[in-house]
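Please read the structure below before turning to the comments.
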Amino acid sequence: MNILTTDTICLHGTATTREEAIAEVGALLVSSGAVTNEYVSAMFARESSVSTYMGNLLAIPHGTNESKDDVIRSAISVVRYDDEIDWGGNAVRFVIGIAGKGDSHLEVLGAIATVFSDMSTVTELLEATSVDQVLTRLELNAS
């Protein structure tokens with residue numbers, strides 16, 4: 001099952017703050033039918049307790065353990081920003097919202113971490129000119 005589709009990728013996000021970015025990736029998850037609005041609230045709750053900044057221009061906001069019932073199906077949303085967003089003192093250009101049914105999000109987190117651990121891959125994603133290029137490069141599927 002594909003957990004990332006072209007309709008949950010945005011190459012030119014409009015957010016300028018961490019809060020706006022979480023709302024933006026959350027809205028993509030909601031509009032795709034993967035989560036309820038309550039899940040987006042839980043993404044904010046998670047961020048207020050621990051930063052989801054991962055390094056290499058990436059943040060991965062996700063809900064709290066208590067928000068599992070607000071996940072309808074596993075999905076991720078990807079938003080790339082033309083300008084850096086200040087994420088608690090760190091520069092972010094990619095925000096990836098994650099919603100995992102059961103424990104599937106752990107596998108997804110690992111796959112994303114692997115992709116973003118290589119700065120040359122991050123550069124490829126920064127230079128991608130189409131949603132399809134990003135989709136192909138990330139190749140994230142749930143088992």
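Couple of notes before you dig in:
- Some residue of the range 55-74 being β-branched (Val, Ile, Thr), over 15 Å from the mean Cα position of the chain (by Cα) and more than 17 Å from residue 28 (Cα to Cα): no
- Scanning the range 34-50 for residues that are assigned to a loop (DSSP other than H, G, I, E, B), closer than 30 Å to residue 123 by Cα and touching a residue at least 24 places away in the same chain (Cβ under 8 Å) yields a single hit, 34.
- Failed item in (1) without any contact (Cβ under 8 Å) to a residue 40 or more places away in the chain; (2) under 23 Å from residue 117 (Cβ atoms); (3) among the aliphatic types (A, V, I, L, M), with residue 23 passing the rest: (2)
- Residue in the range 43-61 that is on the phi > 0 side of the Ramachandran plot, in contact with a Lys or Arg (Cβ under 9 Å, 6 or more places away or on another chain) and hydrophobic (A, V, I, L, M, F, W, C) present: yes
- Number of residues in the range 94-104 that are more than 18 Å from residue 27 (Cα to Cα) and under 11 Å from the mean Cα position of the chain (by Cα) equals 0.
- Single residue of the range 1-33 satisfying the filter (part of a loop (DSSP other than H, G, I, E, B) and in contact with a Leu (Cβ under 9 Å, 6 or more places away or on another chain)) that is farthest from residue 99 (Cα to Cα): 5
Conditions tested, residue by residue: (1) modelled with pLDDT under 95; (2) closer than 18 Å to residue 4 by Cβ.
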| position | (1), (2) |
| --- | --- |
| 44 | no, no |
| 50 | yes, no |
| 59 | no, yes |
| 75 | yes, yes |
| 87 | no, no |
| 98 | yes, yes |
| 106 | yes, yes |
| 132 | yes, yes |
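The values are calculated or read from the model by the stated rules, or taken from the named source; none is laboratory data. Please read these numbers as outputs of a predicted model, since none were measured by experiment. Using ideal geometry, Cβ is built from the backbone for each residue, glycine included, and neighbour counts are taken over all protein chains shown.
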